[in-house]
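First up is the structure itself, then whatever we jot down about it.
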Amino acid sequence: MVEVPPPPRTRKRGLEANRELEAVVAEEPYDDARWAVLADWLLERDDPRAEIVRAEQTRDPELIAHAYHRLHRTLLGPRFRVLARHLTRCSWRCGFALSWMITSDDDVLDELLAAPAMRLVRELAIAPPGRAMLIDLVVQKVADAPCGRSVRSLELKTDRPVPVTCLAALRLERLAVHPKFASTLEYAPALAGVRELVIAPRDRSVLAKLLCDGAFPELRGLELTCLDRTLAWTADDLAPLLAGTAAPKLERLAIHTPRNQRELARALRRMIEESPLRTRLAQITFD
């Protein structure tokens with residue numbers, strides 16, 4: 001009887017890096033055409049992430065989840081089990097995380113920022129746990145990491161003051177902030193590229209500091225929430241916005257007021273309707 005030798009062991013292939021192509025995607029991280037080119041490259045090279053690409057092409061949630069589960073170690077590294085527990089509010093494409101909520105500023109954050117899967121994050125939320133967290137330090141770590149070039153949306157779920165200057169290292173297009181933090185926010189050149197702003201200021205003076213003359217030259221969407229009737233914004237508070245000297249390219253405006261403050265909502269609607277701003281708005285929402 002002839003003994004058949006066992007098949008030779010095949011070495012598991014590691015991830016291949018195409019830094020130039022990643023840089024192209026990072027330049028316009030919402031451009032589907034660029035992601036399609038990256039997906040084709042992964043398939044042509046038979047990169048381990050090609051399994052994910054093929055699963056995503058089926059649009060079958062179970063196949064996609066299975067592919068990511070199989071490649072967790074490859075995407076995150078040897079401590080993938082520890083790191084995976086810190087991947088909160090993540091969405092994925094081609095083996096790269098698109099969105100992520102940071103809840104830690106320790107060594108785990110450093111490891112995650114260095115992981116191959118986190119190189120093209122475009123939407124980031126920072127939500128500190130119960131203990132103190134240095135938000136400006138976290139933002140600087142993100143800016144220094146590969147994903148610093150691709151992050152376009154930042155949500156700050158913290159009530160601690162954060163120096164606006166620390167945001168200058170990111171190319172932000174969307175900024176959403178916690179009400180307490182909004183009360184310390186002032187317009188600065190670091191925010192000049194923001195195209196969408198979501199705030200709920202607890203102090204009327206914030207509007208004058210934030211929506212001042214020359215502020216937000218690229219802003220297209222603004223969402224304002226009035227938390228209580230004591231704010232009762234006036235035409236003076238919103239003067240630069242109403243006149244178009246702040247946010248001159250604004251197209252979408254949403255104003256939210258407390259449900260029991262219909263009179264305030266009517267006054268704000270009348271204020272907007274009677275201003276030059278109304279003719280520039282393509283979409284306006286009051287609720």
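Laboratory data are not the source of any read-out in this text; all were calculated from the coordinates shown. Just so it is clear, the model here is predicted, and its values are computed rather than measured.
Maximal additional length on extending the MET101-ARG54 stretch stands at 14.3 nm, based on 0.36 nm per residue less the C-alpha distance. Once you order the gyration tensor axes a ≥ b ≥ c over the Cα atoms, which shape class does region 173-287 get: rounded for a/c under 1.5, otherwise prolate or oblate by comparing a/b with b/c? In terms of gyration-tensor shape, oblate.
Stretching the chain fully between ASP213 and GLU186 yields a gain of 8.5 nm (0.36 nm per residue, less the alpha carbon separation). In terms of its C-alpha gyration tensor, the chain has a prolate overall shape, because the principal axis ratio a/c (a ≥ b ≥ c, square roots of the eigenvalues) is not below 1.5 and a/b outweighs b/c. Compared with the alpha-carbon gap, the fully stretched path from SER91 to ASP203 is longer by 36.9 nm at 0.36 nm per residue. Give me the distance between the Cα centres of region 266-287 and region 13-77, rounded to whole Å. Value for the Cα centre distance between the two parts: 44 Å.
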